[in-house]
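To start, the structure under review is shown below, and the notes come after it.
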Amino acid sequence: MKTTSQTAYAKEEWNSLANLAFVTGQTNKMISAKLPAEYAVGIAPERLTEQWIPDDPDLRSLDRFPDFLAARRRLLAEVLNQMLGLPSGVGQTDGRDVDELPADEEVIAEDTSAPTLVGAEAQELRTENGVEVHAVYDGRRVDGYYDPSSRGVTIPSGPGQGAYESPSGAAVAVVMALNPHVRPQRNGWSFWFVTATGKLLQSIR
């Protein structure tokens, strides 16, 4: 969303991730310095949908810019949740801009080169439901089960309840449930602890 007076709002708002879109040079020239309410009418609805632009035309007025950002953040969060196989975030408090990095932020990509064979230690720790693991976040303990064969984590109850394809997916769910105002990316291997040994989950990967 482009505004004719960026000084009307803080730099952090008009530089927000929720205010960015991929457009061609031709489209950028067409938009020029027009207000969103003006140029959006000339763009096909399906093109706006592809950019996750809210379909409410009232949000395109300059005085509704903060509401536009909030609505688009929700749309972007839903897309990411779907890609990660996480529960829908609809109904959660919108909170701060997704671009903000809180003090406890930790963004670490999960290592895809981890071995696929189940080690002897993991086999010894396996119970009927899997290896018992737990995490403590924001003062809350969350228990779960790690499956060494699939490398998935199941949270039977409490924050983030559900089955996840990776430790990181389960970690993200816990963070989203307990502290939705931070970006939830976490490295599950260093988020979960093996309950029987007190060591990080990466110790048996």
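The values are calculated or read from the model by the stated rules, or taken from the named source; none is laboratory data. Note that the coordinates shown come from a computational prediction; the quantities given were computed from them, not determined experimentally. Because the Cβ atoms are built from the backbone with ideal geometry, glycine has one as well, and the counts that use them run over all protein chains shown. For accessibility, only protein heavy atoms count, side chains too; no ligands or nucleic acids. Shrake-Rupley method; radii C 1.70, N 1.55, O 1.52, S 1.80 Å.
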Inset, instruction - Could you work out the local net charge near Ile204, counting Lys and Arg as +1, Asp and Glu as -1, over the other residues with Cβ closer than 11 Å to its Cβ? - result: +2
Inset, instruction - Roll a 1.4 angstrom probe over the protein heavy atoms and tell me the percent of accessible area of the stretch 115-205 that is carbon or sulfur. - result: 47
Legend entry - Debye equation applied to the C-alpha atoms of the stretch 40-84, log10 I(q)/I(0) at 0.22, 0.34 Å⁻¹: -0.77, -1.19
Legend entry - Globularity ratio of the stretch 122-191, using Cα Rg and 2.2 N^0.38 Å: 1.04
Inset, instruction - Would you tell me the accessible area of Asp138, worked out with a 1.4 angstrom probe on the heavy atoms of the protein chains, in Å² to the nearest 10? - result: 100
Legend entry - Residue order for Leu201, Leu84 - accessible surface, 1.4 angstrom probe, largest first: Leu84, Leu201
